[in-house]
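Single-structure report; data block below.
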Amino acid sequence: MAWIFNPNDYEEKDFAPVPAGEHRVRIEDVAFKTFKSGNDGYEITLEVSGYASKLWHYLVLKQDDPKKTNQSIGSFFDSFGITDYDLSHYRNWIGKVGAVRVRHEAYNGSTSAKVAYCISRSKQDKLPEAKFAGAAPSGEFAPIEIDDSELPFN
């Protein structure tokens, strides 16, 4: 199939780094992975209230440092109000809202935003109400009604 590009459907987007400071965030996606260090863990994609740019947070399961690992997981769970402590249910984290502290660091000659830490639930009251571009995933799907003539494989 050939595609004809329509430049009228294109708009330049600004993906400037999220400003340093405290921000409400929503979990957009979670992936279980093995990191370069050899440790397993979770790569968490975060939507940032009021910004188009995304942030990534990493929960690394360090077998050689269980105390630090449990502290990191506990801070994350507290911030996002996660009460199911079974890590295999990580897909249920999607759509949860929490807050993080963002710091800036230099990377390849430019500034990038990084998650410094998760903010505890009890300290999120002072943050502005969350405003995300899309609706939170509900985990439920509404049926789509189409007739057979609309199917591509008749």
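Quick notes
- Accessible-area rank, largest first, for LYS68, LYS96: LYS68, LYS96, with all protein chains present and a 1.4 angstrom probe.
- Residue-normalised accessible area of region 3-85, expressed per residue, 1.4 Å probe, Å²: 65 Å²
- Alpha carbon centroid spacing (whole Å) that separates region 1-64 from region 78-138: 11 Å
- For region 69-80, 3J(HN,Hα) computed residue by residue from phi via the Karplus equation (6.51, -1.76, 1.60; θ = phi - 60°) reads 5, 5, 5, 5, 5, x, 5, 5, 4, 4, 4, 9 Hz, glycine and proline entered as x.
- With R₀ fixed at 22 Å, the C-beta to C-beta distance from ASN70 to ARG121 puts the FRET efficiency at about 0.80.
- Sequence ranges 59-66, 16-23, 43-50, 85-92, ranked by mean other-Cβ count within 10 angstrom, highest first: 43-50, 16-23, 59-66, 85-92
- nm² value of the averaged projected area, convex hull over the Cα atoms of region 15-99: 6.0 nm²
- Directionally averaged shadow of region 1-63, computed from the convex hull of its alpha-carbon atoms, nm²: 7.7 nm²
- Label-to-label distance, TYR85 versus LYS131, with points set 7 angstrom from Cα along the beta-carbon direction: 3.8 nm.
- Dipole in debye (nearest 20) - region 25-70, about Cα centre, beta carbon charges: Lys, Arg +1; Asp, Glu -1: 140 debye
The values are calculated or read from the model by the stated rules, or taken from the named source; none is laboratory data. What you see is a predicted model, and the numbers here were worked out from it, not measured in a lab. We place every Cβ from the backbone using ideal geometry, glycine too, and count neighbours over all the protein chains shown. Keep in mind that these areas ignore ligands, DNA and RNA; they rest on the heavy atoms of the full protein, side chains included. Shrake-Rupley method; radii C 1.70, N 1.55, O 1.52, S 1.80 Å.
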